[in-house]
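Everything below concerns the one structure shown next.
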C-alpha cells in the first residue's frame, strides 16, 4: 500500500481522525501504525502510547473558494497545522525520525494538558 511504502522510506505521514474516532482506532489512514494521527484538541486526552496528537480544529480562519475567508472547523485543519509544524522541524533537521517527532508532539500535548510548558524540541535523534 502507498502509505506503508512512504513510511518505510522514512516519510512522515500525518492524517486527521474523524471527530467520533478521537483515539484513531478506525480512521483511515490515521489508524495505520506509524502514521501521526491528529484529532481535535477539545477531546478528552488519554495518556497511552497510542494516543493521537491534539491540535486546534474549531473555528479556524481559512480560505474559501471565490477569494473568500471564513471560520471553519474540522480535524483536517488541525492535521494541516501539525504537518506544517513538522515541515518546519524537518527543515531544521531532516534526520528527525517519525517516532521521535510523534513522541515529542504527544509529550507537548501532555505537558500542555497538565499546565506545564514544554521544553524545546530536540534537533537530533
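The values are calculated or read from the model by the stated rules, or taken from the named source; none is laboratory data. For clarity, every value in this text was computed on a predicted model and none was experimentally measured. When we count neighbours, we look across all protein chains shown, and the Cβ atoms used for this are built from the backbone with ideal geometry, even at glycine.
Condition test on residue 33, is it surrounded by 14 or more Cβ atoms within 10 Å (Cβ to Cβ), at pLDDT 70 or above and assigned to a loop (DSSP other than H, G, I, E, B)?
Details: surrounded by 14 or more Cβ atoms within 10 Å (Cβ to Cβ): no; at pLDDT 70 or above: yes; assigned to a loop (DSSP other than H, G, I, E, B): yes.
No, not satisfied.
Can you pull out the residues in the stretch 78-92 that are surrounded by 13 or more Cβ atoms within 10 Å (Cβ to Cβ) and without any contact (Cβ under 8 Å) to a residue 60 or more places away in the chain? Lay out the reasoning, then the answer.
We begin by selecting, within the stretch 78-92, every residue surrounded by 13 or more Cβ atoms within 10 Å (Cβ to Cβ); these are 78-83, 85-86, 89-90.
80, 81, 85, 89, listed by residue number.
Checking residue 100 against (1) free of Cβ contacts under 8 Å to residues at least 40 places away in the same chain; (2) farther than 19 Å from residue 10 by Cβ; (3) within 14 Å of the chain's Cα centre (by Cα): exactly one of these is not met. Which one?
It fails just one condition, (2).
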